[in-house]
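What follows is a set of notes on a single structure, which appears directly below.
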Amino acid sequence: MLFQYNGGSSPLHRLGPLSKLIWVGCFSLLSMSWDSTLREAALLAVLIAVAGLGARLTLARQLRAMSFLIGLGIPYFILSILAIREGHEVASWGPIVVTAEGLDIAGALTLRIFVLFLASYIYLSTTDPRDFVQALNLRLRVPYRFAFGISVALTFLPLLEEEGRTIMAARRVRGQEPPRGWSNRLSWWSGYAAAVLVNAVRRVQQTALAMEGKGFGAYAERTYFRTLKNGRLGYVYAVIAVFATAVLWWV
């Protein structure tokens, strides 16, 4: 499954969750502040290199994780070009005008989607949800009920992905392939989405009953069996990320 934590011994796996969270925040901040296709492309290239060298995620796996964004990115790119009409005109077809500035901004906005997604994907792939909850609760003083809710949300992503695959396989065994025609396909996918939603609600109910049975939330504070370690190297990387972001912000 793509959207789940994968244990390993890569450099990013060894960093603390808060240090990596600062890195994700820095990449996101730069991506949101830039409106240049070239800069966004450079940022995406850096992220791909970080994923490969720092998290040992192959390029094929990264592309597979981002493949579903292509269906969103292409229409978004086209609509952005059509919406931005100011600037030097490159081409025009009747009322449709394409400008150089529109192409640049549309490319930047589209690449921003991939940058934000890939940064989050790297974090999810290299961070144990248990460490993330512990860091939020002990280091940032976030109430453990709220932190645990975030952990459950992250844990449910791979579960929903697996549920979707199981339901799809069951439908194919019964010979229920996606039909032709937009209306038929919409009806077919609506049924598929409803089945996934029903299974998700059932899992949420099971989790809630299990938490209630174990007395979750009975005490104001909670203890942890595992010890969260965040060495000096994590602080060094976090400081480097903040400093580099500040420099690039003003360049």
- request: Kindly indicate which of 196, 201 is under 30 Å from residue 179 (Cβ atoms), β-branched (Val, Ile, Thr) and touching a residue at least 24 places away in the same chain (Cβ under 8 Å).
  value: 196
- prompt: Considering only region 53-71, how many residues are surrounded by 15 or more Cβ atoms within 10 Å (Cβ to Cβ), without any contact (Cβ under 8 Å) to a residue 60 or more places away in the chain and assigned to a helix (DSSP H, G or I)?
  reply: 4
field: Residues satisfying the stated conditions in region 181-199, i.e. touching a Leu at 6+ places or on another chain (Cβ under 9 Å) and either at pLDDT below 80 or β-branched (Val, Ile, Thr) (or both)
entry: 196
message: Anything in region 206-249 that is surrounded by 11 or more Cβ atoms within 10 Å (Cβ to Cβ) and of a type in the set (Lys, Arg)? List them, or say none.
response: 222
Residues being among the hydroxyl-bearing types (Ser, Thr, Tyr) and farther than 22 Å from residue 10 by Cβ - total across region 116-146: 1
- request: Could you check residue 151 against (1) modelled with pLDDT of 80 or more; (2) assigned to a helix (DSSP H, G or I) and say which number it fails?
  value: (1)
message: Take the conditions within 15 Å of the chain's Cα centre (by Cα) and either assigned to a helix (DSSP H, G or I) or touching a residue at least 60 places away in the same chain (Cβ under 8 Å) (or both) and apply them to residue 44. Does it pass?
response: yes
- prompt: Inside region 222-251, can you point out the residues that are more than 24 Å from the chain's Cα centre (by Cα) and touching a residue at least 12 places away in the same chain (Cβ under 8 Å)?
  reply: 222, 224, 226, 229, 231, 233
query: Could you list, in sequence order, the residues of region 144-168 that are aliphatic (A, V, I, L, M) and either crowded, with 17+ Cβ neighbours inside 10 Å or touching a residue at least 12 places away in the same chain (Cβ under 8 Å) (or both)?
result: 147, 150, 152, 154, 157, 159, 160, 167, 168
task: Give region 128-145 a look and list any residue that's of a type in the set (S, T, N, Q) and under 12 Å from residue 227 (Cα atoms), or say none.
output: 134
statement: Taking region 208-239 and the residues there that are closer than 30 Å to residue 14 by Cβ and part of a helix (DSSP H, G or I), the one that is modelled with the highest pLDDT would be 239
message: Criterion first (touching a helix residue (DSSP H, G or I) at 6+ places or on another chain (Cβ under 6 Å) and among the aliphatic types (A, V, I, L, M)) does residue 38 satisfy it?
response: no
message: When you check residue 171 against the structure, is it without any contact (Cβ under 8 Å) to a residue 12 or more places away in the chain and out of contact with any strand residue (DSSP E or B) (no Cβ under 8 Å at 6 or more places or on another chain), yes or no?
response: no
- prompt: Is it the case that some residue within region 25-39 is farther than 28 Å from residue 105 by Cα and surrounded by 19 or more Cβ atoms within 10 Å (Cβ to Cβ)?
  reply: no
query: If only one of 185, 171, 130, 203 is over 24 Å from the mean Cα position of the chain (by Cα), surrounded by 13 or more Cβ atoms within 10 Å (Cβ to Cβ) and either β-branched (Val, Ile, Thr) or part of a helix (DSSP H, G or I) (or both), which one is it?
result: 171
- request: Those residues that are in a strand (DSSP E or B) and acidic (Asp, Glu), I need them from region 82-112; list them, please.
  value: 89
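The values are calculated or read from the model by the stated rules, or taken from the named source; none is laboratory data. Bear in mind the structure is a predicted one, so any value in this text is a computation, not a measurement. When we count neighbours, we look across all protein chains shown, and the Cβ atoms used for this are built from the backbone with ideal geometry, even at glycine.
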